[in-house]
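Chemist: This is the structure I have questions about; it appears just below.
The values are calculated or read from the model by the stated rules, or taken from the named source; none is laboratory data. These numbers come from a predicted model, not from an experiment. Cβ placement follows ideal geometry from the backbone for every residue including glycine, while neighbour counts extend to all protein chains displayed.
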Amino acid sequence: MEIKTIRKDNKAKNEILEISTPNTKIAFAFGEDFGTGDIEENVNPIIDGLTVGNPSYDGVFILRNPENCNILNFTIKTIPIYMDRKLKNAFEMYCDLYNREKKNNIIQMVENEAIRIKDLEITFFIVDPSNYNTAIVKVKDHTGKTVVISGDFRDYNEKYKGNKFKSILSYINHADYVFFEGKYLGKTGLDHYSNLDMIQKIKNIIGQYKQALIIQSETNLQIAYNIYQAALKTNKIFVEDICLSNFSSLANGSSPNPLTSRKAYAYSSFNFEGKDFEFKRKYVNPFYFCSGKEKMKRKKFVLNVNPSMLQDILVLQKQDILYDTCVVFAKDKKCLKKDQELDEFINTLKAMEYDYYEIYNYGKFNTEIINKIIQRLKPICAVALEVEKETNIYDKIESLKLLEENEKINI
């Protein structure tokens, strides 16, 4: 096997991992959004044989989160895309909600079942079922050489401490190399909030008001869970827009699912009134019996909002439903991108004289878990991808290696 990364010096600072043999070439994508719209130099991925030109890849594997699947928008249509069922469903929902083109070349992976692509054997193992089935992947060639790749080692709700994770490592047993996303590795001076810390920070803010408008990513269920808990602690209901309602009901893990969670409700904005019957049947109607619109008139509430909901906010304001309100911007700061529409939305809310707050979470990178994986699988070395800062990282991870530009690993 030969292993290398693609687009290491791209402005987006993302890396796609490529594994190849003389007969096979596959790619793994698990970084941040690779951009939208038309393919442009240094903005979106121009990769010969993958996004442009004649196809030379035998498959692309997506390891986590629908909003990190944007490489799918550019992959040559004849190249198969592999992902877990829950992630596949989330991505297709993401396309419907955000008017993206769906791909018909997605192949559903089954947990713990190996598939063969020419002379490579690939097996999915689900690490975090509450976050669209974040996966660890084992790749083995015809000689038995093995590589293990993970899309996420930030520790949410101690998800790596259960018996399932131990059983996955026991099943894999050994790896010649371990690759993991190291975006947060070596970060200094950042706030790595625990869930309890973030819940407390949100609680301290929204507890001063009757209502709160929360700007967050609809696909970040961990932040949604923290906001939901803060709402409960301040005796408020948590009302989700249709996007977040659908994502949280799909994940149905630690997320506040309006169909099953206490004091969680759905809100269908004016933005969806013009959608066709099929869209409403799939994404709006299931939440009819847990609609929060009437509840909001009688109860204190937290409502997650986005730029498409400005008309809703104006109507709620006119109806005197918003009268003692704050706005909280709650996102993962590392994932922020320049967004003119969002900036204009925030400035409009500030002009309405709502008190405005920002809370950022950076994700806690679990170096202890990485070291346990290394101790259990005993690889030649562990390779961190997408590392931006290198402060003391060699003190944190055993047998650590960073790939230089154009460097290849031969196993």
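Chemist: In the range 306-402, which strands (runs of 3 or more DSSP E) lie fully inside it and hold 2 or more residues that are modelled with pLDDT of 90 or more and among the basic types (Lys, Arg)? Even if it seems obvious, please write down each step before you answer.
Modeler: On the way: elements: 325-332, 355-361, 381-385.
So the answer is none; nothing clears 2.
Chemist: Kindly indicate whether GLU111 is assigned to a loop (DSSP other than H, G, I, E, B) and either β-branched (Val, Ile, Thr) or within 19 Å of VAL148 (Cβ to Cβ) (or both).
Modeler: Against the criterion (assigned to a loop (DSSP other than H, G, I, E, B) and either β-branched (Val, Ile, Thr) or within 19 Å of VAL148 (Cβ to Cβ) (or both)), GLU111 qualifies.
Chemist: Also, quick follow-up: ARG298 is checked against (1) out of contact with any Ser or Thr (no Cβ under 6 Å at 6 or more places or on another chain); (2) more than 30 Å from ASN347 (Cα to Cα) and fails just one. What number does that condition carry?
Modeler: (2)
Chemist: Follow-up. Grab the helices (runs of 4 or more DSSP H) fully contained in the range 192-260, keeping just those with 2 or more residues being buried (at least 23 other Cβ atoms within 10 Å of the Cβ) and under 21 Å from the mean Cα position of the chain (by Cα).
Modeler: Numbers: elements: 195-206, 221-233, 242-251.
Hits in the range 192-260: 221-233, 242-251.
Chemist: Something else now. Answer yes or no: is there a residue in the range 80-89 that is surrounded by fewer than 16 Cβ atoms within 10 Å (Cβ to Cβ), within 29 Å of ILE242 (Cα to Cα) and either outside the structural domain of SER249 (by TED's automatic domain parsing) or modelled with pLDDT of 90 or more (or both). So that I can check it myself, show each step before the final result.
Modeler: Of all residues in the range 80-89, those surrounded by fewer than 16 Cβ atoms within 10 Å (Cβ to Cβ) come to 85.
Narrowing the set further to residues that are within 29 Å of ILE242 (Cα to Cα) leaves 85.
With the extra rule that they be either outside the structural domain of SER249 (by TED's automatic domain parsing) or modelled with pLDDT of 90 or more (or both), the set shrinks to 85.
There is at least one residue in the range 80-89 that is surrounded by fewer than 16 Cβ atoms within 10 Å (Cβ to Cβ), within 29 Å of ILE242 (Cα to Cα) and either outside the structural domain of SER249 (by TED's automatic domain parsing) or modelled with pLDDT of 90 or more (or both).
Chemist: Restricting attention to the range 91-112, which residues are at pLDDT below 80 and either surrounded by 16 or more Cβ atoms within 10 Å (Cβ to Cβ) or acidic (Asp, Glu) (or both)?
Modeler: ARG100, GLU101, LYS103
Chemist: I'm told TYR160 meets every condition in (1) part of a helix (DSSP H, G or I); (2) at pLDDT below 80; (3) over 23 Å from ILE380 (Cβ atoms) except one. Can you identify the failing condition by its number?
Modeler: Status for TYR160: all satisfied but (3).
Chemist: Give me the residue from the range 95-121 that is within 22 Å of the chain's Cα centre (by Cα) and aliphatic (A, V, I, L, M) and, out of that set, farthest from LEU169 (Cα to Cα).
Modeler: The residue in question is LEU97.
Chemist: Quickly run through the range 174-204 and pick out the residues that are closer than 23 Å to ILE374 by Cβ and modelled with pLDDT of 60 or more.
Modeler: The answer is HIS174, ALA175, ASP176, TYR177, VAL178, PHE179, PHE180, GLU181, GLY182, LYS183, TYR184, LEU185.
Chemist: Return yes or no: is TYR171 at positive phi and either at pLDDT 70 or above or not assigned by TED's automatic domain parsing to the domain that holds ILE370 (or both)?
Modeler: Values: at positive phi: no; either at pLDDT 70 or above or not assigned by TED's automatic domain parsing to the domain that holds ILE370 (or both): yes.
No.
Chemist: State yes or no: is LYS295 touching a residue at least 60 places away in the same chain (Cβ under 8 Å), of a type outside the set (Phe, Trp, Tyr), out of contact with any helix residue (DSSP H, G or I) (no Cβ under 9 Å at 6 or more places or on another chain) and assigned by TED's automatic domain parsing to the domain that holds LEU244?
Modeler: Values: touching a residue at least 60 places away in the same chain (Cβ under 8 Å): no; of a type outside the set (Phe, Trp, Tyr): yes; out of contact with any helix residue (DSSP H, G or I) (no Cβ under 9 Å at 6 or more places or on another chain): yes; assigned by TED's automatic domain parsing to the domain that holds LEU244: yes.
No, not satisfied.
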